[in-house]
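To start, the structure itself, in C-alpha cells.
The numbers here are math on the coordinates, done by the rules we state, and not lab data. It should be emphasised that the depicted structure is a prediction, and the values quoted were computed from it without experimental measurement. Here Cβ is always computed from backbone atoms with ideal geometry, including for glycine, and neighbour counts include all displayed protein chains.
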Amino acid sequence: MKMRGNSPTHNPEALAPKGELMSLNVGTTATFHKGMVVKVKAEREAVSYANGNSYPARCYEMWRKTTAEELQAWRDSDASKGMDCAGETKLHSGTTYRQGTTPDEVFKIVRARVKARQGWNDIAGCAVVEDADGTQWFVKRSHIH
C-alpha cells in the first residue's frame, strides 16, 4: 500500500519532528523555471597576494553556438589558413565561450532543461540563460543559483 500525503517525497516535514529544523541533501539541485533570475556560481573566488598580484573571481563557463558572422570572420583571418601540427587542415570552433562573467551578474532563464551542444559533444543537464544584451548562453544547471 502506498502512502500518499505523508510520505517523505510528498511531505518532507514528515521526516523531522515538529519544531525541529530539517537539513536538505547537499547533492540536490534547485528547481529552475522559465523567467527566473539567476546568477552563475564562482568557480574561483577573487584572490589578492602579498606581492601585489591579484586575480578576479572566475565563474563557471557559459557557451553558445558560433554565429555565421563569427565563422566567416574566422575563415577570413590568418588563423584559419594552413595546416595544424598533424598536417591536417584547421577546423573552426563550433562553440563560443563567454569571457569575463562576474558572480554579481544576473541572467534570466529562457529554458530550464536542455541538452546543449558543446564543441562536438552533447551535454545534458543544462539551461539556456539570457544576459543583459539579449544574448542566450548555455550553462550547466548545477553551476547556477
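Backbone geometry of segment 136-141 corresponds, through the Karplus equation with coefficients 6.51, -1.76 and 1.60 at θ = phi - 60°, to 3J(HN,Hα) couplings of 9, 10, 8, 8, 5, 4 Hz, x marking Gly and Pro.
When the Cα atoms of segment 64-143 are enclosed in a convex hull and the volume is divided per residue, what value in Å³ results?
Details: hull volume 10.2 nm³, N = 80.
With only Cα atoms used, segment 64-143 gives 128 Å³ per residue.
Once the Cα-Cα distance is subtracted from the 0.36 nm per residue extended length, the Gln72 to Arg111 segment shows a gain of 11.2 nm. Remark on Thr101: its backbone amide H falls under 5 Å from those of Cys59, a criterion applied only to residues 5 or more positions apart or on other chains, H modelled at 1.01 Å from N.
Averaged over residues, the count of other Cβ atoms within 10 Å places the peptides 134-141, 108-115, 87-94 in the sequence 134-141, 108-115, 87-94, highest first.
If each Cα of segment 104-145 is one equal point scatterer, what is log10 of I(q)/I(0) from the Debye formula at q = 0.24 Å⁻¹? Debye curve over Cα of segment 104-145, log10 I(q)/I(0) at q = 0.24 Å⁻¹: -0.79.
For an R0 of 41 angstrom, estimate the FRET efficiency from the Cβ-Cβ distance between Thr96 and Tyr49 and round to the nearest 0.05. Numbers along the way, then the final one.
On the way: r = 32 Å, r/R0 = 0.77.
After rounding to 0.05, the efficiency reads 0.85.
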